[in-house]
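S.K.: One structure coming up, written as structure tokens, with questions to follow.
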Amino acid sequence: MKAVEALRLGATSYVIPGDIVTNVHYLEGRVQDVELIFFVVDDGVNNLPSVGQVSELATLLEAHGASCTIHLPLDLCLDEEEQRQRASLETARRVIECVRGLNPWAYVLHVDGAAVRYGASPARWQQWLSQSVAALSKMGGWAGGIEKLAVENLEGYPLDFYEPLPYLRRALPRTRVVHLHGVAERDHHSLACVAPTALRAVVGELVRGGYRGVVTIEVFSEDDFLTSLEALASLDVA
């Protein structure tokens, strides 16, 4: 079985130069999901779509038979002092409400764990955990269900940082989105730079496990995207 036939593939909204709508047009027929990446910064600059653009995106995705995932902005400071936490939650709420009409498959988010990543006391770790869980519960209510939140494990963080997840197969039953990309002189590089045996091992685990979530090729150039598709197309997985 070809990997590209067995997986529900996605790509980012920044594969080619242009805005999100331009990229959704470009990805028509190439993937079954588009990861819409949004940014909101302190001075008010953002790329959030207007009501009209949300309607246009919804029409395009429906016509393509595609879903979307939403990548929320920046790392969310969910356990910090009240003002910073409130600002993070307000940013998340603003994006979620903006794109609600797209009925996203999932909301991908980074949880900032820098405060407890190195040598935190058990009490501090428990405080971080309980505050983060409470904040995520609020976000789940806005998103239409806690199951729609996909907390991303980040490079540089051990796999068991957020929860003990030593093996991919243990995580898959509760995983809505998987990101695939290569690493060369930088991360988010083409899958063509991943050793075929390594790529086959990961993709084979997804296919044999009957994974039904989205597998996003998380790269940010047309060449990286197209060569990633070629790398996946070359894989035969049992």
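Please treat every number below as a calculation from the coordinates, not as lab data. Fair warning: this is a prediction, and the values are worked out from it, not measured in the lab. Please note: Cβ atoms are built from the backbone with ideal geometry, for glycine as well, and neighbour counts cover all protein chains shown.
S.K.: Can you compute the radius of gyration and Dmax for the stretch 12-57, using only the Cα atoms, both in Å?
M.R.: Just the Cα atoms of the stretch 12-57 yield Rg and Dmax of 11.4, 37 Å.
S.K.: For the chain, what is the calculated [θ] at 222 nm in deg cm²/dmol (nearest 500), taking -39500 (n - 2.57) for each run of four or more DSSP H residues and dividing by its residue count?
M.R.: Counting only the DSSP helices, I get -12000 deg cm²/dmol.
S.K.: Non-local amide H neighbours of Cys68 (under 5 Å, H modeled in plane, Pro and chain starts lacking H): which ones?
M.R.: When sequence neighbours closer than 5 places are left aside, the close amide H contacts are Val34, Trp105.
S.K.: Next question, about the same structure. Place a label point 7 angstrom from the Cα of Arg208 along the Cα-to-Cβ direction, then list the residues of the stretch 181-202 whose backbone nitrogen is under 14 Å away.
M.R.: It comes to 198-202, nothing else.
S.K.: Separate question: Most mobile of Thr216, Thr12, Thr59 per a Gaussian network model of the chain (Cα springs, under 10 Å)?
M.R.: So, out of Thr216, Thr12, Thr59, the one fluctuating most is Thr59.
S.K.: What are the ³J(HN,Hα) values, in whole Hz, obtained from phi via the Karplus relation 6.51 cos²θ - 1.76 cosθ + 1.60 with θ = phi - 60°, for each residue of the stretch 87-103 in sequence order, with x given for Gly and Pro?
M.R.: Taking θ as phi minus 60°, the curve returns 5, 5, 5, 5, 4, 4, 4, 4, 5, 4, 5, 5, 9, 4, x, 8, 6 Hz for the stretch 87-103.
S.K.: Do you know the relative contact order of the stretch 1-70, to the nearest whole percent, from alpha carbon pairs under 8 angstrom that are 6+ apart?
M.R.: Computed over the stretch 1-70, the figure is 32 percent.
S.K.: Oh, and also: Taking the Cβ of Leu9 as the centre, find all other residues whose Cβ is under 9 Å away and add up their charges (Lys, Arg: +1; Asp, Glu: -1).
M.R.: Within the 9 Å Cβ shell, the charges total +1.
S.K.: Taking the beta-carbon count within 10 Å as an exposure proxy, list Lys138, Lys148 from fewest neighbours to most.
M.R.: Result, fewest neighbours first: Lys138, Lys148.
S.K.: Among His71, His189, what is the fewest-to-most ranking by other Cβ atoms within 10 Å?
M.R.: In increasing order of surrounding Cβ atoms, one gets His189, His71.
S.K.: OK, next. Quick one: work out the % antiparallel among DSSP beta bridges in the chain, nearest 5.
M.R.: Of those bridges, close to 10 percent are antiparallel.
S.K.: Taking Cα extents along the principal axes in Å straight from the coordinates, which label in (i) 106, 37, 25; (ii) 49, 44, 33; (iii) 82, 51, 37 is the correct one?
M.R.: (ii)
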